[in-house]
1. Thinking of chain A as a set of Cα atoms, what percent of all their pairs are more than 18 Å apart?
2. I want to verify a result. In a Gaussian network model of chain A, Cα cutoff 10 Å, which of these has the top mean-square fluctuation: A:Glu63, A:Glu15, A:Glu42?
3. Over both sides of the A-B contact, add up the buried accessible area with a 1.4 Å probe and give it to the nearest 100 Å².
4. Quick check: the distance between the Cα centres of the stretch B:41-101 and the stretch A:47-63, to the nearest angstrom?
5. Mind listing, in residue-number order, the residues in the stretch B:59-105 that have at least 50 Å² less accessible area with every protein chain present than in their own chain alone (1.4 Å probe)?
6. If you take the C-alpha gyration tensor of the protein assembly as shown, multiply each eigenvalue by 5 and take the square root, what semi-axes do you get, largest first, in whole Å?
7. Accessible area per residue, 1.4 Å probe, Å², for the stretch B:10-65: what's the number?
8. If you take the beta carbon distance between A:Thr28 and B:Asp73 as r and set R0 to 35 Å, what does 1/(1 + (r/R0)^6) give as a FRET efficiency, to the nearest 0.05?
Amino acid sequence: GDSVTQMEGPVTLSEEAFLTINCTYTATGYPSLFWYVQYPGEGLQLLLKATKADDKGSNKGFEATYRKETTSFHLEKGSVQVSDSAVYFCALSDRNDMRFGAGTRLTVKP
Amino acid sequence: DAGITQSPRHKVTETGTPVTLRCHQTENHRYMYWYRQDPGHGLRLIHYSYGVKDTDKGEVSDGYSVSRSKTEDFLLTLESATSSQTSVYFCASATSSNPTDTQYFGPGTRLTVL
């Protein structure tokens, strides 16, 4: 079945460092791809999404490009802030089947 | 953001007791979902609903049942809780099953089964 594999971390960066969290997927159809973020004690919030190949999702300085040829949807941010500390989940959706990666915990230190 | 609430937010119970978790949404979304979150597994789908009284199983449905008598409410029941059901449970809702649609999540319920 469909699945998502993401870098598990934890990842610790200094403020203003460059962030990459890798995400690859396997799917038989044409899924949409998502990044969700979970702040401590809260539910998941949509960070960005892409619904077809070569689409780029972006929000709050984060970006990810839907790469069908490499089945990837890596999350990047050029300069992280302490407030970006959270758990990040990559996910794919194909009809009623949303599959999540295991999550990557990011800690940004001042 | 969609208005989704879950109750209770925290619960401790004993093995063998029944437990019901409630999800309430105010967005008139047709689709609702229950997930569990465990370390190393991300979120896994337990059950989902595609309308009032219409439900189906997800990836990890054993030991769980659901009911949806109104559009806004989706209940998850553990008939006889076991320690393996200790987890954080999230409810989500969406307007449709279209893969491009976003699912909106509630704040979660932390359940501990002793």
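The values are calculated or read from the model by the stated rules, or taken from the named source; none is laboratory data. Small disclaimer: the values here were computed from a predicted structure and weren't measured. Ideal geometry is used to build each Cβ from the backbone, glycine not excepted, and the neighbour counts take in all protein chains shown. The protein model used for the area step is the full one, side chains on, heavy atoms only, and it has no ligands, DNA or RNA in it. Shrake-Rupley method; radii C 1.70, N 1.55, O 1.52, S 1.80 Å.
1. On the way: 2626 of 5995 pairs.
It works out to 44 percent of all Cα pairs.
2. Ranking A:Glu63, A:Glu15, A:Glu42 by mean-square fluctuation puts A:Glu42 first.
3. Using a 1.4 Å probe, the pair buries roughly 1700 Å².
4. Comparing the Cα centres of the stretch B:41-101 and the stretch A:47-63, I get a distance of 27 Å.
5. Buried on complex formation: B:Pro99, B:Thr100, B:Thr102, B:Phe105.
6. Numbers: eigenvalues 173, 83, 47 Å².
Working through the eigenvalues yields semi-axes of 29, 20, 15 Å.
7. Details: 2910 Å² over 56 residues.
With all protein chains present, the stretch B:10-65 gives 52 Å² per residue.
8. Values: r = 34 Å, r/R0 = 0.97.
Here the calculated transfer efficiency is 0.55.
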